[in-house]
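Here's the structure, in structure tokens; my notes come after.
The values are calculated or read from the model by the stated rules, or taken from the named source; none is laboratory data. For clarity, every value in this text was computed on a predicted model and none was experimentally measured. Reconstructed Cβ throughout: ideal geometry from the backbone, glycine too, with neighbour counts over all protein chains shown. All accessible areas refer to the heavy atoms of the entire protein, side chains included, with ligands and DNA or RNA removed. Shrake-Rupley method; radii C 1.70, N 1.55, O 1.52, S 1.80 Å.
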Amino acid sequence: MTDHRDAGAVRDLHAFIAGLPKAELHVHHVGSASPRIVAELAARHPDSKVPTDPEALADYFTFTDFAHFIEVYLSVVDLVRTPEDVRLLTYEIARDLARQQVRYAELTITPFSSTRRGIDERAFMDAIEDARKAAEADLGTVLRWCFDIPGEAGLESAEETTRLATDDRLRPEGLVSFGLGGPEIGVPRPQFKPYFDRAIAAGLHSVPHAGETTGPETVWDALVELRAERIGHGTSSARDPKLLAHLAEHRIALEVCPTSNIATRAVRTLEEHPIREFVRAGVLVTVNSDDPPMFGTDLDNEYAVAARLLDLDERGLAGLAKNAVEASFLDDAGKAKLAAEIDTYTTAWLAP
Ligand SMILES: Nc1ncnc2c1ncn2[C@@H]1O[C@H](CCC(=O)c2cccc(C(=O)O)c2)[C@@H](O)[C@H]1O
Ligand SMILES: [Zn+2]
């Protein structure tokens, strides 16, 4: 896509984004393993097939389609084998987020993938909680968890994820929401209704992926059957005006991840990305990074992409950051504080 803005203005906007306090609502735990983290994990487990050289890794992270992406994703999952690996990964993710001025992040974690690979469930919970507390104390970044069902792994994974998320003796303090990820084709959402019902009854928010690789009917299923409060991606919602109106009316945010959609070939080009249609329809749009190192992006870059696609200036970008605050599961005081921080930063930046 051609960028008609002048290079100096784009540079200034990037500097503004780099300092902008932000909230990240859709980012995966293992999907955030940077080349640095991958190298460290691979050194611990030298039998892995994941390359450690950054150039070879960039090549390895080039996907032919969504199924190929999931295959590669699972090879990185295989690198996380011990509670200490889990702790390292989690803390290092917080470090990468803090560097981008992310003050608050909801990290999607797939505990089933770890427990089925033999990590003790108690030790797993302790590792993420230990990293969360250390990250908040050391870096000032608040982490919260979304536990997601890897839908393609079947109802056994749904049962296990629900148990881990709702058992009072296990459920971590930082857990706020319940999700559903992985491929959508051949994995109908309604079958997960009983599990979402249990998670919601236990006080968790519902945030399934939907409409990333299938049509708007999957988003309707997520809303009606899984009582979604936000939708992961929701890309295909653009094909259904009634759905867009429903999302807008009920302030159900879309967690839009533009670069991810191109990398997994869910959308052909950024130019064709429906983010503009979402905004035009009045939908609450948030911008997120999904699996940043795997897609060669980070949250700052996603904001830059959104600025280009939506023709946003500093105030527009601050508005986008505040959308994420509104759609987050922070309490009211936390939302007010972060929104005020965004305003203060923006006003200071724009002051003559
Ligand atoms: N863009 C994305 N869109 C959707 N999901 C995404 C995206 N990025 C990352 N994910 C993650 O991928 C996981 C998929 C894991 C999965 O399918 C699976 C299947 C069978 C066995 C096992 C196992 O662990 O043994 C795992 C999801 O749970 C989700 O957290
Ligand atoms: Zn995702």
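Only helical DSSP H runs with n ≥ 4 go in: add -39500 (n - 2.57) per run for the chain, normalise by residue count and round the 222 nm mean residue ellipticity to 500 deg cm²/dmol. Please list the in-between numbers first.
On the way: 16 runs with 179 residues, N = 352.
Helices in the chain give a 222 nm mean residue ellipticity of -15500 deg cm²/dmol.
For Y303, Y73, Y60, give the ranking by accessible area with the largest first, probe 1.4 Å. Before the final figure, lay out each step's value.
Details: Y303 0, Y73 30, Y60 55 Å².
Of Y303, Y73, Y60, the descending order of accessible area is Y60, Y73, Y303.
Subtracting the Cα-Cα distance from 0.36 nm times the residue separation, let me have the gained length for H14 to A58 in nm, one decimal. If you can, show how the numbers build up before the last one.
Working: separation 44, 0.36 × 44 = 15.84 nm, distance 2.33 nm.
Value of the extension gain: 13.5 nm.
Probe 1.4 Å, all protein chains in place: accessible area of T64 in Å², nearest 10?
Answer for T64: close to 100 Å² accessible.
In square angstrom, rounded to the nearest 10, how much accessible surface does S114 have for a 1.4 Å probe?
S114 exposes around 20 Å² with every protein chain in place.
Take every Cα pair under 8 Å in region 210-352 that's 6+ residues apart, average their separations, divide by the length, and report that relative contact order as a whole percent. Each step should come with its number before you reach the end.
Values: 189 pairs, mean separation 25.4, N = 143.
Rounded, it is 18 percent for region 210-352.
Per-residue accessible area for D331 at 1.4 Å probe radius, Å² rounded to 10?
About 100 Å², rounded to the nearest 10.
Under a cut-off of 24 Å between alpha-carbon atoms, report the lysines in cross-link reach of K242, not counting same-chain residues fewer than 8 places apart.
The qualifying lysines are K193.
Just reorder D168, D96, D65 by solvent-accessible area, largest first, 1.4 Å probe, all chains present.
Working: D168 135, D96 30, D65 70 Å².
If we order D168, D96, D65 from most to least accessible, we get D168, D65, D96.
Can you tell me the relative contact order of the chain? Whole percent, Cα pairs under 8 Å, sequence separation 6 or more.
Values: 614 pairs, mean separation 67.6, N = 352.
After rounding, I find 19 percent.
Specify the residue with the greatest mean-square fluctuation among A158, A105, A336, computed from a Gaussian network of the chain linking alpha-carbon atoms under 10 Å apart.
A336
Pick from F329, F147, F178: which residue has the top mean-square fluctuation in a GNM of the chain where Cα pairs under 10 Å get a spring?
Fluctuation is largest for F329.
Near the amide H of H205, under 5 Å away, which other amide H atoms are found, from residues 5 or more places off or on another chain, if H is placed in the peptide plane?
S177, F178
Using a 1.4 angstrom probe on the protein heavy atoms only, could you order V224, V80 from most to least accessible area? Each step should come with its number before you reach the end.
Values: V224 100, V80 5 Å².
Solvent-accessible surface, decreasing: V224, V80.
Can you give me the accessible area per residue for the chain, using a 1.4 Å probe, in Å²?
Details: 14170 Å² over 352 residues.
Roughly 40 Å² per residue, with all protein chains present.
Pairs of Cα atoms under 8 Å, at least six residues apart: use those to get the relative contact order of region 170-279, whole percent.
Numbers: 153 pairs, mean separation 23.1, N = 110.
It rounds to 21 percent for region 170-279.
Compute the distribution of all C-alpha to C-alpha distances in region 126-268, in bins of 5 Å from 0, and list the percent of pairs in each, rounded to whole numbers.
All Cα pairs considered, the percentages come to 2, 10, 19, 20, 18, 15, 10, 5, 1, 0.
Longest span of the chain, sites excluded, free of trypsin sites (Lys or Arg not before Pro) in DSSP loop with at most 15 other C-beta atoms within 10 Å? Working shown, then result.
Values: sites that count: R5, K49, R116, R117, R169, R227, R251, R265, R268.
The longest such stretch corresponds to 269-352.
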